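Shown next, in C-alpha coordinates, is the structure this report addresses.
The values are calculated or read from the model by the stated rules, or taken from the named source; none is laboratory data. Source: prediction; values computed, not measured. Note that we place each Cβ from the backbone using ideal geometry, even for glycine, and neighbour counts take in every protein chain shown. Protein only, heavy atoms only, side chains kept; ligands, DNA and RNA dropped before computing areas. Shrake-Rupley method; radii C 1.70, N 1.55, O 1.52, S 1.80 Å.
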Amino acid sequence: MWSSLRSPDDCPIERVTIGYVLICLTASHRNASFDLLERLSIAAPAAAGHLVTDSDVLDGAVVLATCNRFEAYLDIAGDDRDSAVAATVQAVAAASDLDATELRDSVSVLGGKDVVQHLFAVSSGLESVVVGETEISGQVRRSLEDARSNGTTTSDLERLFQEAAHTSRGVKTRTRIGAAGRSLVRLGLQLASSRVTDWAHTRVLLIGTGSYAATTIAALRDRGAVHIQVFSPSGRAAWFAAKHDLVAARDLRHAIGTSDVVITCTSSEVPVVAPADLDDGIRRIVIDLGLPRNVDPAAAGVDGVELLDLETISLHAPISELNAESEARAMVDDAVSRFRAQALEQSTTPALVAFRKHVFDILDDEIDRAKRRGDADGESAEHTERALRHLVGVLLHRPSVRARELGRAGRGEEFVGAIDALFGVRPEPEAELPAPVVPLADRTALDPTVSTRDDQADAS
(Lines give C-alpha, C1' and ligand atoms only; values in the text may rest on other atoms or scores of the structure.)
Protein backbone atom coordinates (compact mmCIF):
# COMPACT_ATOMS: atom_id res chain seq x y z
CA MET A 1 0.00 0.00 0.00
CA TRP A 2 1.01 3.61 -0.32
CA SER A 3 3.26 4.93 2.37
CA SER A 4 3.20 8.51 3.54
CA LEU A 5 5.30 11.01 1.68
CA ARG A 6 5.72 13.09 4.79
CA SER A 7 7.18 12.32 8.16
CA PRO A 8 7.14 14.43 11.33
CA ASP A 9 10.80 15.32 11.13
CA ASP A 10 10.77 16.45 7.50
CA CYS A 11 11.67 20.12 7.42
CA PRO A 12 11.71 22.68 4.60
CA ILE A 13 15.48 22.71 4.24
CA GLU A 14 15.51 18.90 3.81
CA ARG A 15 12.90 19.14 1.10
CA VAL A 16 15.25 21.37 -0.82
CA THR A 17 18.59 19.81 -0.14
CA ILE A 18 18.59 16.10 0.59
CA GLY A 19 16.20 14.76 -1.91
CA TYR A 20 12.76 15.38 -0.51
CA VAL A 21 12.14 16.26 -4.15
CA LEU A 22 13.40 12.74 -4.78
CA ILE A 23 10.90 9.97 -4.17
CA CYS A 24 11.09 6.24 -4.66
CA LEU A 25 8.41 3.79 -5.79
CA THR A 26 9.40 0.32 -4.63
CA ALA A 27 8.00 -3.18 -4.94
CA SER A 28 9.93 -6.27 -3.94
CA HIS A 29 9.57 -9.85 -2.81
CA ARG A 30 8.45 -8.42 0.51
CA ASN A 31 5.27 -6.75 -0.75
CA ALA A 32 4.59 -7.94 -4.31
CA SER A 33 4.02 -11.23 -6.09
CA PHE A 34 6.74 -12.76 -8.23
CA ASP A 35 4.32 -12.74 -11.17
CA LEU A 36 4.03 -8.96 -10.94
CA LEU A 37 7.78 -8.50 -10.46
CA GLU A 38 8.42 -10.76 -13.45
CA ARG A 39 6.30 -8.59 -15.71
CA LEU A 40 7.89 -5.43 -14.38
CA SER A 41 11.39 -6.80 -14.98
CA ILE A 42 10.64 -7.09 -18.69
CA ALA A 43 9.00 -3.78 -19.51
CA ALA A 44 9.67 -1.30 -16.70
CA PRO A 45 13.25 -0.37 -17.76
CA ALA A 46 12.05 0.45 -21.28
CA ALA A 47 9.41 2.79 -19.85
CA ALA A 48 12.03 4.82 -17.99
CA GLY A 49 13.00 6.90 -21.00
CA HIS A 50 9.42 8.03 -21.52
CA LEU A 51 8.81 8.90 -17.88
CA VAL A 52 10.69 12.17 -18.20
CA THR A 53 10.11 13.12 -21.84
CA ASP A 54 6.35 12.47 -21.66
CA SER A 55 5.81 14.14 -18.29
CA ASP A 56 6.00 17.74 -17.13
CA VAL A 57 6.18 16.74 -13.46
CA LEU A 58 9.47 14.81 -13.58
CA ASP A 59 12.99 16.15 -14.07
CA GLY A 60 14.65 12.75 -13.89
CA ALA A 61 14.14 9.06 -13.26
CA VAL A 62 16.28 5.99 -12.60
CA VAL A 63 14.50 2.64 -12.83
CA LEU A 64 15.86 -0.59 -11.35
CA ALA A 65 14.07 -3.84 -12.23
CA THR A 66 15.52 -7.21 -11.19
CA CYS A 67 14.23 -10.69 -10.55
CA ASN A 68 12.81 -9.72 -7.17
CA ARG A 69 12.70 -5.94 -7.12
CA PHE A 70 11.24 -2.91 -8.90
CA GLU A 71 12.43 0.57 -7.99
CA ALA A 72 11.75 3.94 -9.60
CA TYR A 73 13.77 6.86 -8.21
CA LEU A 74 12.18 10.10 -9.33
CA ASP A 75 13.45 13.68 -9.31
CA ILE A 76 10.32 15.78 -9.05
CA ALA A 77 9.81 19.01 -10.96
CA GLY A 78 8.33 21.44 -8.45
CA ASP A 79 6.42 19.97 -5.56
CA ASP A 80 3.62 17.96 -7.17
CA ARG A 81 4.54 14.53 -5.81
CA ASP A 82 1.09 13.01 -6.20
CA SER A 83 1.03 13.76 -9.92
CA ALA A 84 4.56 12.42 -10.32
CA VAL A 85 3.63 9.15 -8.64
CA ALA A 86 0.44 8.81 -10.64
CA ALA A 87 2.23 9.50 -13.93
CA THR A 88 4.92 6.93 -13.13
CA VAL A 89 2.45 4.25 -12.11
CA GLN A 90 0.42 4.82 -15.25
CA ALA A 91 3.44 4.70 -17.57
CA VAL A 92 4.99 1.60 -15.99
CA ALA A 93 1.64 -0.20 -15.79
CA ALA A 94 0.94 0.47 -19.46
CA ALA A 95 4.40 -0.72 -20.51
CA SER A 96 4.06 -3.88 -18.41
CA ASP A 97 0.46 -4.61 -19.41
CA LEU A 98 -0.62 -4.31 -15.79
CA ASP A 99 -3.66 -2.72 -14.25
CA ALA A 100 -2.61 0.65 -12.82
CA THR A 101 -4.62 0.06 -9.65
CA GLU A 102 -2.95 -3.32 -9.10
CA LEU A 103 0.49 -1.76 -9.49
CA ARG A 104 -0.38 1.19 -7.26
CA ASP A 105 -1.49 -1.18 -4.50
CA SER A 106 1.73 -3.19 -4.82
CA VAL A 107 4.23 -0.35 -4.47
CA SER A 108 5.34 1.66 -1.49
CA VAL A 109 6.28 5.30 -1.92
CA LEU A 110 9.24 6.66 0.01
CA GLY A 111 10.15 10.32 0.40
CA GLY A 112 12.78 12.47 2.06
CA LYS A 113 15.56 10.75 3.98
CA ASP A 114 13.84 7.37 3.55
CA VAL A 115 14.88 7.42 -0.12
CA VAL A 116 18.54 7.67 0.83
CA GLN A 117 18.25 5.01 3.53
CA HIS A 118 16.45 2.62 1.19
CA LEU A 119 18.81 2.88 -1.78
CA PHE A 120 21.92 2.55 0.39
CA ALA A 121 20.46 -0.60 1.98
CA VAL A 122 19.34 -2.03 -1.36
CA SER A 123 22.69 -1.48 -3.07
CA SER A 124 24.47 -3.11 -0.09
CA GLY A 125 22.38 -6.27 -0.42
CA LEU A 126 20.52 -5.76 2.84
CA GLU A 127 17.06 -5.85 1.25
CA SER A 128 17.64 -8.82 -1.07
CA VAL A 129 15.99 -12.24 -0.94
CA VAL A 130 19.33 -13.55 0.30
CA VAL A 131 20.83 -10.88 2.54
CA GLY A 132 24.32 -9.95 1.40
CA GLU A 133 24.02 -11.25 -2.18
CA THR A 134 26.53 -9.62 -4.47
CA GLU A 135 24.64 -9.14 -7.74
CA ILE A 136 22.47 -6.21 -6.66
CA SER A 137 25.22 -3.58 -6.46
CA GLY A 138 26.05 -4.13 -10.11
CA GLN A 139 22.39 -3.98 -11.02
CA VAL A 140 22.02 -0.64 -9.23
CA ARG A 141 25.07 0.67 -11.05
CA ARG A 142 23.69 -0.45 -14.41
CA SER A 143 20.35 1.25 -13.73
CA LEU A 144 22.18 4.57 -13.37
CA GLU A 145 24.13 3.92 -16.58
CA ASP A 146 20.87 3.23 -18.39
CA ALA A 147 19.43 6.49 -17.07
CA ARG A 148 22.48 8.32 -18.39
CA SER A 149 22.03 6.69 -21.78
CA ASN A 150 18.35 7.66 -21.79
CA GLY A 151 19.14 11.19 -20.65
CA THR A 152 16.92 10.85 -17.57
CA THR A 153 19.43 11.27 -14.78
CA THR A 154 19.96 14.52 -12.85
CA SER A 155 22.70 15.88 -10.64
CA ASP A 156 20.71 14.96 -7.51
CA LEU A 157 20.17 11.39 -8.74
CA GLU A 158 23.83 11.14 -9.71
CA ARG A 159 24.98 12.16 -6.24
CA LEU A 160 22.55 9.76 -4.58
CA PHE A 161 23.52 6.75 -6.69
CA GLN A 162 27.24 7.41 -6.61
CA GLU A 163 27.19 7.61 -2.83
CA ALA A 164 25.12 4.42 -2.74
CA ALA A 165 27.82 2.67 -4.79
CA HIS A 166 30.51 3.98 -2.44
CA THR A 167 28.55 2.73 0.56
CA SER A 168 28.05 -0.70 -1.02
CA ARG A 169 31.78 -1.11 -1.64
CA GLY A 170 32.50 -0.16 1.96
CA VAL A 171 30.00 -2.69 3.29
CA LYS A 172 31.53 -5.44 1.15
CA THR A 173 35.12 -4.73 2.13
CA ARG A 174 34.61 -4.00 5.82
CA THR A 175 31.99 -6.55 6.87
CA ARG A 176 31.35 -10.27 6.42
CA ILE A 177 27.86 -9.72 5.07
CA GLY A 178 28.87 -11.28 1.74
CA ALA A 179 29.92 -14.45 3.50
CA ALA A 180 26.79 -14.44 5.61
CA GLY A 181 24.57 -14.15 2.58
CA ARG A 182 24.69 -16.41 -0.46
CA SER A 183 23.78 -15.91 -4.06
CA LEU A 184 20.57 -17.38 -5.42
CA VAL A 185 22.67 -19.81 -7.45
CA ARG A 186 24.37 -21.29 -4.43
CA LEU A 187 21.18 -21.31 -2.42
CA GLY A 188 19.39 -23.19 -5.22
CA LEU A 189 22.18 -25.75 -5.36
CA GLN A 190 22.08 -26.09 -1.60
CA LEU A 191 18.39 -26.94 -1.76
CA ALA A 192 19.03 -29.40 -4.57
CA SER A 193 21.83 -31.04 -2.60
CA SER A 194 19.32 -32.51 -0.18
CA ARG A 195 18.13 -34.66 -3.12
CA VAL A 196 21.50 -35.22 -4.83
CA THR A 197 23.59 -37.90 -3.17
CA ASP A 198 26.78 -37.38 -5.17
CA TRP A 199 27.35 -34.41 -7.44
CA ALA A 200 30.40 -36.14 -8.96
CA HIS A 201 28.10 -38.71 -10.58
CA THR A 202 25.24 -36.31 -11.35
CA ARG A 203 24.61 -35.29 -14.96
CA VAL A 204 23.91 -31.55 -15.15
CA LEU A 205 22.50 -29.53 -18.03
CA LEU A 206 23.02 -25.76 -17.92
CA ILE A 207 20.80 -23.68 -20.21
CA GLY A 208 22.34 -20.24 -20.69
CA THR A 209 25.79 -18.88 -21.49
CA GLY A 210 26.04 -15.50 -19.77
CA SER A 211 28.03 -14.46 -16.72
CA TYR A 212 25.28 -15.83 -14.47
CA ALA A 213 25.89 -19.21 -16.10
CA ALA A 214 29.60 -18.85 -15.37
CA THR A 215 28.77 -18.24 -11.72
CA THR A 216 26.64 -21.39 -11.75
CA ILE A 217 29.49 -23.46 -13.18
CA ALA A 218 31.82 -22.31 -10.42
CA ALA A 219 29.22 -23.20 -7.78
CA LEU A 220 28.63 -26.62 -9.36
CA ARG A 221 32.33 -27.43 -9.45
CA ASP A 222 32.68 -26.35 -5.84
CA ARG A 223 30.21 -29.14 -5.07
CA GLY A 224 32.15 -31.67 -7.13
CA ALA A 225 30.08 -31.72 -10.32
CA VAL A 226 32.08 -32.85 -13.36
CA HIS A 227 29.48 -34.03 -15.91
CA ILE A 228 28.18 -30.66 -17.15
CA GLN A 229 26.80 -29.90 -20.59
CA VAL A 230 25.53 -26.56 -21.81
CA PHE A 231 22.79 -25.54 -24.22
CA SER A 232 22.26 -22.04 -25.60
CA PRO A 233 19.01 -20.87 -27.23
CA SER A 234 21.09 -18.27 -29.07
CA GLY A 235 23.65 -20.72 -30.43
CA ARG A 236 26.59 -19.81 -28.20
CA ALA A 237 26.98 -23.22 -26.57
CA ALA A 238 30.09 -24.30 -28.50
CA TRP A 239 31.99 -21.12 -27.67
CA PHE A 240 30.94 -21.19 -24.02
CA ALA A 241 31.70 -24.90 -23.67
CA ALA A 242 35.21 -24.44 -25.04
CA LYS A 243 35.85 -21.54 -22.70
CA HIS A 244 34.71 -23.43 -19.59
CA ASP A 245 35.70 -26.99 -20.55
CA LEU A 246 32.13 -28.26 -20.89
CA VAL A 247 30.21 -30.38 -23.38
CA ALA A 248 28.10 -28.38 -25.85
CA ALA A 249 24.57 -29.70 -26.44
CA ARG A 250 22.92 -29.15 -29.80
CA ASP A 251 19.47 -30.62 -29.16
CA LEU A 252 17.61 -29.41 -26.07
CA ARG A 253 15.20 -32.32 -25.74
CA HIS A 254 18.02 -34.88 -26.02
CA ALA A 255 20.20 -32.96 -23.57
CA ILE A 256 17.38 -32.87 -21.00
CA GLY A 257 16.81 -36.59 -21.45
CA THR A 258 20.42 -37.33 -20.51
CA SER A 259 20.45 -35.07 -17.43
CA ASP A 260 19.58 -35.50 -13.76
CA VAL A 261 19.63 -31.79 -12.94
CA VAL A 262 18.61 -28.99 -15.30
CA ILE A 263 19.55 -25.40 -14.45
CA THR A 264 18.25 -22.47 -16.51
CA CYS A 265 19.50 -18.88 -16.51
CA THR A 266 18.78 -17.13 -19.79
CA SER A 267 17.28 -13.76 -20.64
CA SER A 268 14.60 -15.26 -22.86
CA GLU A 269 11.24 -13.55 -22.38
CA VAL A 270 9.37 -16.80 -23.06
CA PRO A 271 9.86 -20.19 -21.40
CA VAL A 272 12.66 -22.23 -22.92
CA VAL A 273 11.68 -25.52 -21.28
CA ALA A 274 8.14 -26.85 -21.71
CA PRO A 275 6.43 -29.61 -19.70
CA ALA A 276 6.65 -31.93 -22.70
CA ASP A 277 10.45 -31.57 -22.68
CA LEU A 278 10.53 -33.14 -19.21
CA ASP A 279 7.80 -35.76 -19.57
CA ASP A 280 10.02 -38.80 -20.14
CA GLY A 281 9.50 -40.61 -16.86
CA ILE A 282 12.94 -39.73 -15.48
CA ARG A 283 13.16 -38.22 -12.02
CA ARG A 284 15.08 -34.93 -12.13
CA ILE A 285 15.50 -31.60 -10.41
CA VAL A 286 14.92 -28.42 -12.41
CA ILE A 287 16.33 -25.16 -11.05
CA ASP A 288 14.89 -22.13 -12.83
CA LEU A 289 16.99 -19.03 -12.12
CA GLY A 290 15.48 -17.01 -14.94
CA LEU A 291 13.27 -14.00 -14.68
CA PRO A 292 11.14 -14.04 -16.70
CA ARG A 293 10.78 -17.73 -16.00
CA ASN A 294 12.77 -20.01 -18.31
CA VAL A 295 10.67 -23.04 -17.38
CA ASP A 296 6.92 -23.24 -17.89
CA PRO A 297 5.42 -23.35 -14.35
CA ALA A 298 3.23 -26.25 -15.50
CA ALA A 299 6.39 -28.37 -15.51
CA ALA A 300 5.97 -28.68 -11.74
CA GLY A 301 3.04 -31.01 -12.45
CA VAL A 302 5.08 -33.48 -14.51
CA ASP A 303 5.65 -36.79 -12.72
CA GLY A 304 9.16 -37.09 -11.37
CA VAL A 305 10.01 -33.38 -11.79
CA GLU A 306 10.88 -31.21 -8.82
CA LEU A 307 10.90 -27.57 -9.87
CA LEU A 308 12.82 -24.99 -7.85
CA ASP A 309 12.13 -21.50 -9.17
CA LEU A 310 13.08 -18.14 -7.71
CA GLU A 311 9.93 -17.93 -5.65
CA THR A 312 10.56 -21.35 -4.10
CA ILE A 313 14.22 -20.57 -3.48
CA SER A 314 13.36 -17.27 -1.79
CA LEU A 315 11.15 -19.06 0.72
CA HIS A 316 14.22 -20.93 1.94
CA ALA A 317 16.53 -17.93 2.11
CA PRO A 318 18.55 -18.34 5.31
CA ILE A 319 18.70 -15.88 8.16
CA SER A 320 22.10 -14.24 7.83
CA GLU A 321 24.65 -14.04 10.59
CA LEU A 322 23.17 -11.44 12.89
CA ASN A 323 26.45 -9.79 13.76
CA ALA A 324 27.46 -9.31 10.12
CA GLU A 325 24.08 -7.91 9.14
CA SER A 326 23.97 -5.60 12.16
CA GLU A 327 27.43 -4.29 11.36
CA ALA A 328 26.47 -3.70 7.73
CA ARG A 329 23.27 -1.88 8.67
CA ALA A 330 25.22 0.31 11.09
CA MET A 331 27.57 1.25 8.25
CA VAL A 332 24.60 2.10 6.04
CA ASP A 333 23.11 4.26 8.81
CA ASP A 334 26.42 6.11 9.19
CA ALA A 335 26.64 6.65 5.43
CA VAL A 336 23.09 8.02 5.35
CA SER A 337 23.89 10.41 8.18
CA ARG A 338 27.03 11.65 6.41
CA PHE A 339 25.15 12.07 3.15
CA ARG A 340 22.40 14.08 4.83
CA ALA A 341 24.88 16.20 6.80
CA GLN A 342 26.88 16.96 3.66
CA ALA A 343 23.74 17.81 1.72
CA LEU A 344 22.47 20.03 4.52
CA GLU A 345 25.82 21.79 4.71
CA GLN A 346 25.76 22.35 0.96
CA SER A 347 22.25 23.78 1.17
CA THR A 348 23.70 27.20 1.89
CA THR A 349 26.32 27.03 -0.87
CA PRO A 350 24.29 28.88 -3.56
CA ALA A 351 23.50 31.70 -1.13
CA LEU A 352 27.09 31.82 0.10
CA VAL A 353 28.43 31.95 -3.44
CA ALA A 354 26.02 34.77 -4.26
CA PHE A 355 27.05 36.67 -1.12
CA ARG A 356 30.79 36.31 -1.83
CA LYS A 357 30.24 37.41 -5.42
CA HIS A 358 28.28 40.42 -4.19
CA VAL A 359 31.08 41.47 -1.83
CA PHE A 360 33.92 40.92 -4.31
CA ASP A 361 32.01 42.69 -7.06
CA ILE A 362 31.81 45.74 -4.77
CA LEU A 363 35.54 45.44 -4.04
CA ASP A 364 36.42 45.16 -7.74
CA ASP A 365 34.33 48.21 -8.56
CA GLU A 366 36.04 50.27 -5.85
CA ILE A 367 39.50 49.18 -6.98
CA ASP A 368 38.67 50.07 -10.59
CA ARG A 369 37.44 53.50 -9.51
CA ALA A 370 40.58 54.07 -7.48
CA LYS A 371 42.74 53.16 -10.46
CA ARG A 372 40.81 55.52 -12.72
CA ARG A 373 41.25 58.33 -10.18
CA GLY A 374 44.95 57.59 -9.98
CA ASP A 375 44.85 57.32 -6.16
CA ALA A 376 47.86 55.01 -6.30
CA ASP A 377 50.15 53.53 -8.89
CA GLY A 378 52.79 50.88 -9.39
CA GLU A 379 53.89 48.72 -6.50
CA SER A 380 51.85 50.70 -3.99
CA ALA A 381 48.62 50.04 -5.88
CA GLU A 382 49.32 46.31 -6.12
CA HIS A 383 50.14 46.16 -2.40
CA THR A 384 46.94 47.99 -1.52
CA GLU A 385 44.82 45.72 -3.74
CA ARG A 386 46.32 42.57 -2.20
CA ALA A 387 45.68 43.93 1.27
CA LEU A 388 42.06 44.77 0.50
CA ARG A 389 41.39 41.35 -1.01
CA HIS A 390 42.95 39.68 2.00
CA LEU A 391 40.83 41.81 4.33
CA VAL A 392 37.63 40.89 2.48
CA GLY A 393 38.61 37.23 2.60
CA VAL A 394 39.12 37.45 6.36
CA LEU A 395 35.80 39.24 6.84
CA LEU A 396 34.00 36.57 4.78
CA HIS A 397 35.56 33.65 6.65
CA ARG A 398 33.25 33.74 9.64
CA PRO A 399 30.03 34.09 7.60
CA SER A 400 31.21 31.15 5.46
CA VAL A 401 31.82 28.98 8.50
CA ARG A 402 28.53 30.05 10.04
CA ALA A 403 26.66 29.25 6.81
CA ARG A 404 27.93 25.66 6.87
CA GLU A 405 27.15 25.34 10.57
CA LEU A 406 23.59 26.52 10.04
CA GLY A 407 23.22 24.17 7.09
CA ARG A 408 24.34 21.14 9.11
CA ALA A 409 21.89 22.12 11.83
CA GLY A 410 19.02 22.29 9.34
CA ARG A 411 18.82 26.08 9.69
CA GLY A 412 20.18 27.04 6.29
CA GLU A 413 17.10 29.09 5.55
CA GLU A 414 18.15 31.49 8.31
CA PHE A 415 21.37 32.30 6.47
CA VAL A 416 19.58 32.65 3.14
CA GLY A 417 17.01 34.97 4.74
CA ALA A 418 19.68 37.00 6.53
CA ILE A 419 21.72 37.92 3.47
CA ASP A 420 18.51 38.69 1.60
CA ALA A 421 17.29 40.98 4.41
CA LEU A 422 20.66 42.72 4.94
CA PHE A 423 22.10 42.90 1.44
CA GLY A 424 19.25 42.04 -0.93
CA VAL A 425 21.27 39.07 -2.19
CA ARG A 426 19.46 35.97 -3.36
CA PRO A 427 21.04 32.79 -4.66
CA GLU A 428 20.67 32.17 -8.36
CA PRO A 429 18.84 28.97 -9.38
CA GLU A 430 21.25 26.09 -9.73
CA ALA A 431 21.82 24.95 -13.28
CA GLU A 432 21.41 21.23 -13.83
CA LEU A 433 24.82 19.62 -14.04
CA PRO A 434 25.46 17.22 -16.91
CA ALA A 435 25.80 13.59 -15.90
CA PRO A 436 29.45 12.60 -15.73
CA VAL A 437 30.47 10.10 -18.37
CA VAL A 438 32.71 7.46 -16.82
CA PRO A 439 34.62 5.18 -19.21
CA LEU A 440 33.60 1.53 -18.97
CA ALA A 441 37.08 0.47 -17.91
CA ASP A 442 37.05 2.98 -15.06
CA ARG A 443 33.58 1.87 -13.96
CA THR A 444 34.72 -1.74 -13.89
CA ALA A 445 37.75 -0.82 -11.85
CA LEU A 446 35.60 1.06 -9.36
CA ASP A 447 33.04 -1.70 -9.00
CA PRO A 448 34.00 -5.08 -10.48
CA THR A 449 30.82 -6.73 -9.22
CA VAL A 450 28.86 -8.65 -11.85
CA SER A 451 26.07 -6.29 -12.81
CA THR A 452 22.67 -7.10 -14.22
CA ARG A 453 20.74 -10.07 -15.44
CA ASP A 454 21.42 -8.69 -18.93
CA ASP A 455 25.12 -9.25 -18.28
CA GLN A 456 24.53 -12.53 -16.48
CA ALA A 457 22.05 -14.07 -18.80
CA ASP A 458 22.26 -15.67 -22.23
CA ALA A 459 21.92 -13.11 -25.00
CA SER A 460 18.86 -13.91 -27.04
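Figures for the structure shown
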| quantity | calculated |
| --- | --- |
| Accessible area in square angstrom per residue, the range 125-227, 1.4 angstrom probe | 37 |
| Packing-based ranking, highest mean first, of 327-333, 60-66 given that Cβ atoms within 10 Å are counted | 60-66, 327-333 |
| Ranked packing of 159-168, 239-248, most packed first, by mean Cβ within 10 Å | 159-168, 239-248 |
| Net lengthening on full extension, Q342/V392 (0.36 nm per residue, minus Cα-Cα) | 15.4 nm |
| Descending semi-axes in Å of the range 278-365, equivalent ellipsoid built from Cα gyration tensor | 62, 20, 7 |
| For the range 122-249, the Rg and Dmax computed from alpha carbons only, in angstrom | 18.0, 55 |
| Residue-level accessible surface for V115, protein heavy atoms, 1.4 Å, Å² | 0 |
| Net dipole in debye of the range 186-315 [+1 Lys, Arg Cβ; -1 Asp, Glu Cβ; about Cα centre; nearest 20] | 460 |
| The range 43-192, accessible surface, carbon-and-sulfur percent (1.4 angstrom probe) | 44 |
| Prolate/oblate/rounded call for the range 15-154, Cα gyration tensor, a/c under 1.5 rounded | rounded |
| Compactness of the range 94-158 - radius of gyration and Dmax, Cα, Å | 14.0, 33 |
| Gyration tensor (alpha-carbon) shape descriptor, the range 207-269, a/c threshold 1.5 | rounded |
| Dmax and Rg, reported as Rg then Dmax, of the range 34-117 (C-alpha, Å) | 12.0, 35 |
| Spacing of the two label points (7 Å from each Cα toward its C-beta) at E428 and H50, in nm | 3.8 |
